[in-house]
Each structure stands twice: as C-alpha cells, then as structure tokens.
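Taking it in order: structure first as structure tokens, then the write-up.
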Amino acid sequence: MHLRHPYELGGQAFSVSMIWAQIFPFVALQFFDNDDVKGIITLMLFGLSSLWLVMNIIFFKTINRKYIRTFFTRKTSAEYTCERFLDAKDDRTR
C-alpha cells in the first residue's frame, strides 16, 4: 500500500492505478488467441480479482478509519508541503 503519499503518486492516482491493474488483464486476455486455455485463464482472473476485492474489503474494515482518506485524496505534494509548514508549532519544525 505504498505510493499513496502526496510526494509519490497520491491517493486518488494510487487508487485508480490499483483498479486499472485489475481491469487490464481482462483487456489483454481479449488479444489472446489460444482458445484451449483462454477459459482457464478467464476463471483464474475472475478468481484472483474476487480474492483481491475481498482482501481490500477486509483491509479497509481493519485499518484505522482516519487513514482511509489517504487512499482517495487529491492533495498534491505542494499542497501537502504548505499544510505541513503552516501546521508546524515551532520554527525548527518548519
């Protein structure tokens, strides 16, 4: 669950990339020509995507509620830096 920090990828872009990573294998499967194993691969993809969804639901139910916003925030690194500077209590922290 890394890269959702504003200095890296950001919360909203991180979440979109995780969903895209689950959709793209199904798109790539449409270009696969071997019909003998295409059905098996489709079942595996649906199984693994379902497992991913269940694990994400469990994850979001068990983490500290105040961190859920970090997965969906649109805050940029510049906004985050300004917020940290303005919220600092003393000059050393700034």
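What follows draws every value from the coordinates through simple rules; no lab data is involved. Treat the numbers as computed from the prediction; the structure is a model and nothing was measured. Neighbour counts run over all protein chains shown; Cβ positions are idealised from the backbone, glycine included.
Worth a mention:
- DSSP H segments from the chain that extend 30 Å or more along their own axis, Cα-based, with Kyte-Doolittle mean of -1.0 or above: 35-62
- The residue among Pro25, Tyr80, Val54 whose Cα reaches farthest toward the positive pole of the charge dipole of the stretch 11-87, with charges on the beta-carbon of Lys, Arg, Asp and Glu, is Tyr80.
- Straight-line cross-link partners of Lys66 among the lysines, defined as a Cα under 19 Å from its Cα and at least 8 positions apart when in the same chain: Lys75.
- Mean residue ellipticity at 222 nm, helices only, the chain: -21000 deg cm²/dmol; runs of at least 4 DSSP H residues each add -39,500 (n - 2.57), and the sum is divided by the number of residues.
- On the basis of the beta-carbon distance and an R0 of 41 Å, Phe26 and Glu79 show a calculated FRET efficiency of 0.75.
- Only one item in (1) 16.2; (2) 15.1; (3) 13.4 matches Kirkwood radius over Cα pairs in Å derived from the coordinates shown, and that item is (1).
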